[in-house]
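First up is the structure itself, then whatever we jot down about it.
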Amino acid sequence: MAEWQTRWTQNPVGLTPRVGSTPTSGTKDKNLILQRKMWAIGILIPFLIGLWVAMDARKRGYSPLKAFGWFLGVWLLLIVFLPLYLILRSRSAGKASPGKDTYVCPYCGRLYKGKVLFCPYCGQRLEQDDSL
Ligand SMILES: [Zn+2]
């Protein structure tokens, strides 16, 4: 059997065109189990990602209904809704962090809010440009 033929007959998705020899019942059963596993994974992974999205949406202040909507959207149409959610998420995250009254500590690089004399993270004294 040529190499491309063996590849086709080992295809776990079950789109096996019967080239060359017909598969025995044993390999057919194996294919069926593999096929079922693929289906289970194909449903389970979007389901888990949908759960993560819903929990993340709730943390970000979405209403339970909206979070559930995102969950359903991601579960049913992962390819469409997951990138969409991640784009929206990064946009809202960009809005929240460095903004008004937020500064970067020159010593540890973390963000802190308000004018403080010492960094709340590393404790280094911070020079304020417009102090006094
Ligand atoms: Zn610091």
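Within the range 24-63, restricting attention to residues that are among the β-branched types (Val, Ile, Thr) and touching a helix residue (DSSP H, G or I) at 6+ places or on another chain (Cβ under 9 Å), which residue is surrounded by the most Cβ atoms within 10 Å (Cβ to Cβ)? Let's see the steps before the verdict.
Keep residues of the range 24-63 that are among the β-branched types (Val, Ile, Thr), which gives 24, 27, 33, 41, 43, 45, 49, 53.
Then drop every residue that is not touching a helix residue (DSSP H, G or I) at 6+ places or on another chain (Cβ under 9 Å), which leaves 27, 43, 45, 49, 53.
Working: 27: 13, 43: 11, 45: 12, 49: 17, 53: 24.
Here the answer is 53.
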Please identify the pairs in which a residue from the range 105-132 that is more than 8 Å from the ligand (Cβ to nearest atom) has its Cβ atom under 6 Å from the Cβ atom of a residue that is among the charged types (D, E, K, R) and modelled with pLDDT of 85 or more, counting only partners at least 6 apart or on another chain. 118/125
Of (1) exposed (fewer than 13 other Cβ atoms within 10 Å of the Cβ); (2) modelled with pLDDT of 90 or more, residue 66 fails just (1)
Search the range 70-94 for residues that are at pLDDT 90 or above and part of a helix (DSSP H, G or I) and pair each with any residue that is acidic (Asp, Glu) and surrounded by 13 or more Cβ atoms within 10 Å (Cβ to Cβ) when their beta-carbon atoms are under 9 Å apart and the residues are at least 6 apart or on different chains. 70/56
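The values are calculated or read from the model by the stated rules, or taken from the named source; none is laboratory data. These numbers were taken from a predicted model, which means no experiment stands behind them. Cβ: placed from backbone, ideal geometry, glycine included. Neighbour counts: every protein chain shown.
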